[in-house]
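Only one structure is covered here, and it is reproduced in the block below.
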Ligand code: NIG
């Protein structure tokens with residue numbers, strides 16, 4: 001056998017067969033998990049790592065980021081903290097910087113942020129295009145992303161770029177742009193919001209995506225109530241993301257569907273939006289995911305630990321609910337069953353905290369607790385806190 005990770009004081013598996021185990025061990029064989037159970041019963045392995053009673057859990061599954069970008073929006077953030085509201089308009093600033101960047105600059109920036117996320121325990125990460133907004137710039141964003149991250153989403157329908165007419169831009173997104181990115185992406189997303197795309201335009205984008213066999217997701221109900229959630233549910237979207245402004249009918253529609261409500265609490269704080277109604281969604285039976293929404297405008301953090309802490313301290317989730325949403329919930333939002341779970345056959349992804357329990361993620365907010373991370377059976381080296 002490959003690598004035995006033992007001395008796990010508390011193991012969150014997300015697997016109903018094991019639940020949360022005390023004094024546990026995991027065995028990796030190559031890129032897969034080969035064994036999970038009580039430490040005293042673990043099989044021998046070629047390599048043995050004793051984590052000294054620390055807590056272990058699946059790597060974070062960050063199902064919503066926008067990391068193919070260049071430039072910086074510090075000034076916009078400062079203005080927001082001084083009382084200026086967040087609008088979709090700032091996206092154009094990043095579009096201009098992204099178009100001006102070379103492929104090498106975009107790839108290096110993406111790799112730097114993904115490395116940062118991995119040091120924080122993220123082992124599966126989705127990212128979107130959406131700061132190119134021409135056929136060539138979206139295609140290169142998708143190509144660069146496909147070489148770095150686990151899941152790529154086409155977000156040509158992020159905003160209508162300056163100078164373009166709305167209807168002809170949607171024609172471009174649904175036609176030549178979609179054709180140019182299709183080989184690199186698994187998902188298509190649309191920002192359904194006033195100032196971005198209305199229900200009719202967003203519906204066109206989702207239908208065009210489905211027609212070429214791509215999965216769909218929606219940015220919905222972020223800045224005000226709107227049709228995004230209902231549109232996503234009707235389209236069979238894997239997720240609808242943001243969900244800050246929900247009616248009772250939206251909550252009910254989500255609770256009766258397979259569409260995951262992906263909540264982005266770091267974004268809510270950074271944009272000073274009302275927090276998403278996580279408790280209401282869970283109590284109604286909806287499935288929720290937590291994601292970072294890492295991007296230079298509305299949420300410039302890759303820290304899923306921070307999102308978990310906010311979800312517990314401000315959204316009213318318990319620690320196990322928040323941890324599930326940031327691991328198994330993210331996997332559901334990406335329609336995957338090989339990540340976000342510690343079970344035999346799943347990908348050999350695991351994070352160990354420098355803490356005896358996952359409770360410390362919220363009990364010690366802001367403290368970098370990631371102690372060691374494995375992804376595909378390999379230790380991710382480097383960065384503070386690593387041994
Ligand atoms: O998910 N809502 C739209 N898109 C991003 C914001 C991107 C930006 O402001 O640059 C989001 O928050």
Task: Of the criteria (1) touching a strand residue (DSSP E or B) at 6+ places or on another chain (Cβ under 8 Å); (2) free of Cβ contacts under 8 Å to residues at least 60 places away in the same chain, which one residue 279 fails - done: (1)
TODO: Report whether or not residue 368 is over 30 Å from residue 285 (Cα atoms), out of contact with any strand residue (DSSP E or B) (no Cβ under 6 Å at 6 or more places or on another chain) and in contact (Cβ under 8 Å) with a residue 12 or more places away in the chain.
DONE: yes
TODO: Inspect all residues belonging to the range 273-283 and state whether any of them is crowded, with 23+ Cβ neighbours inside 10 Å, in the same structural domain as residue 249 (by TED's automatic domain parsing) and under 19 Å from residue 59 (Cβ atoms).
DONE: no
Open item on the list: So residue 283 passes all but one of these: (1) assigned to a helix (DSSP H, G or I); (2) within 20 Å of residue 158 (Cα to Cα). Which condition number does it fail?
Closed with: (2)
Open item on the list: Taking the criterion of being part of a loop (DSSP other than H, G, I, E, B), within 16 Å of the ligand (Cβ to nearest atom) and surrounded by 14 or more Cβ atoms within 10 Å (Cβ to Cβ), would at least one residue in the range 107-118 satisfy it?
Closed with: no
- [ ] Could you please give the count of residues in the range 194-224 that are over 20 Å from the mean Cα position of the chain (by Cα), within 14 Å of the ligand (Cβ to nearest atom) and either at pLDDT below 95 or in a loop (DSSP other than H, G, I, E, B) (or both)?
- [x] 4
Open item on the list: Can you find, within the range 255-267, the residue that is farthest from the ligand (Cβ to nearest atom) among those that are free of Cβ contacts under 8 Å to residues at least 40 places away in the same chain and either more than 18 Å from the chain's Cα centre (by Cα) or more than 16 Å from residue 228 (Cβ to Cβ) (or both)?
Closed with: 256
- [ ] Name, by its number, the condition in (1) surrounded by fewer than 21 Cβ atoms within 10 Å (Cβ to Cβ); (2) part of a helix (DSSP H, G or I); (3) not assigned by TED's automatic domain parsing to the domain that holds residue 13 that does not hold for residue 324.
- [x] (1)
Task: Subset tally (residues that are assigned to a helix (DSSP H, G or I) and away from the ligand (no atom under 15 Å from the Cβ)) for the range 232-254 - done: 9
TODO: Can you confirm whether the range 29-40 contains a residue that is out of contact with any strand residue (DSSP E or B) (no Cβ under 9 Å at 6 or more places or on another chain), surrounded by fewer than 23 Cβ atoms within 10 Å (Cβ to Cβ), in a loop (DSSP other than H, G, I, E, B) and not assigned by TED's automatic domain parsing to the domain that holds residue 268?
DONE: yes
TODO: Assess whether residue 99 counts as being touching a strand residue (DSSP E or B) at 6+ places or on another chain (Cβ under 8 Å) and either more than 30 Å from residue 308 (Cα to Cα) or assigned to a helix (DSSP H, G or I) (or both).
DONE: no
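State the number of residues belonging to the range 311-321 that are part of a helix (DSSP H, G or I) and surrounded by fewer than 24 Cβ atoms within 10 Å (Cβ to Cβ).
Number satisfying all stated conditions: 5.
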TODO: Go through the residues of the range 85-92 one by one and say whether even a single one is in contact with a helix residue (DSSP H, G or I) (Cβ under 6 Å, 6 or more places away or on another chain) and away from the ligand (no atom under 16 Å from the Cβ).
DONE: no
- [ ] Run residue 10 past the list (1) in a strand (DSSP E or B); (2) within 16 Å of the ligand (Cβ to nearest atom) and report the number of the one that doesn't hold.
- [x] (2)
Open item on the list: modelled with pLDDT of 95 or more, within 16 Å of the ligand (Cβ to nearest atom) and surrounded by 19 or more Cβ atoms within 10 Å (Cβ to Cβ): is that true of residue 69 in this structure?
Closed with: yes
TODO: Tell me, please, whether a residue that is more than 12 Å from the ligand (Cβ to nearest atom), in the same structural domain as residue 151 (by TED's automatic domain parsing), more than 12 Å from the chain's Cα centre (by Cα) and farther than 29 Å from residue 115 by Cβ can be found in the range 288-310.
DONE: no
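The values are calculated or read from the model by the stated rules, or taken from the named source; none is laboratory data. Please read all numbers here as calculations on a predicted model, not as lab measurements. Please note: Cβ atoms are built from the backbone with ideal geometry, for glycine as well, and neighbour counts cover all protein chains shown.
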